[in-house]
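Every number in this text was worked out from the coordinates using simple rules, so none of it is lab data. Computed from a predicted structure; not experimentally measured. A quick note on method: Cβ atoms are made from the backbone with ideal geometry, for glycine too, and the neighbour counts reach across all protein chains shown.
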Amino acid sequence: MNSGILTTAGTGFGAGLSLIVAIGAQNAFVLRHGARGHSIGPVVGICALSDGILIALGVAGLGAVVTAWPAALTAVGVAGGGFLICYGLLAAHRVVRPVAAQGLVTTGTTTGSVRAAVLTCLALTWLNPHVYLDTVLLLGSIAADHGSLRWSFGLGAMTASLVWFTGLGYGARMLGPVLSKPSAWRVLDLLVATTMLTMGLALLVRAF
């Protein structure tokens, strides 16, 4: 039985990791804050905890309810698409007109940055329909296939999220010497802008 639990948890870990490693709005946000050393703990905590809650809801069967009410995903898609486009435009603006040298420093903190980081991270997480599709629907349906061991699968997926975001957030600081260069930040902001604008437009197109 223990072997079955561990195997199922390992399967959940692999499935969860495969869904979150792709660069997206959330990962780009964590990477940027991790590299600057800004609000890493709260950002990592919000991402991992949010994934944990959504995965638990999926394992508990909420996916079937959401599927029966597609209007919910449409509404979230419109809100999330608009938000991602706005955030992407801000990143694009930083590419065209880089911020002052202080904004390029990869260490230290900025007054009020924790609150702003928390609110933005919450929006990027909970207004992104892909998060619901990946965690609630996809992982929830896969977990259901494991029957009585579905919660072992879910715990494995939750662990994958925690490991990934912790590694991404705190590991990004090792890139500090590279990202201390203004040109490197412009490249990162270009990546962020491209990712968020693409995802935002895609969400709006699907919604309409």
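3J(HN,Hα) along segment 198-203: 4, 5, x, 5, 4, 5 Hz, from the Karplus curve 6.51 cos²θ - 1.76 cosθ + 1.60 with θ = phi - 60°, whole Hz, x for Gly and Pro. Taking 0.36 nm per residue of separation and subtracting the Cα-Cα distance, full extension of the segment from Leu190 to Leu204 would add 2.9 nm. Note on Leu119/Ile53: beta-carbon distance plugged into 1/(1 + (r/R0)^6) with R0 of 22 Å gives a FRET efficiency of 0.80. Here segment 143-190 yields Rg over Rh of 1.34, to two decimals, using C-alpha coordinates and the Kirkwood radius.
Treating r as the C-beta distance of Ile5 and Trp126 and R0 as 22 Å, the FRET efficiency rounds to 0.10.
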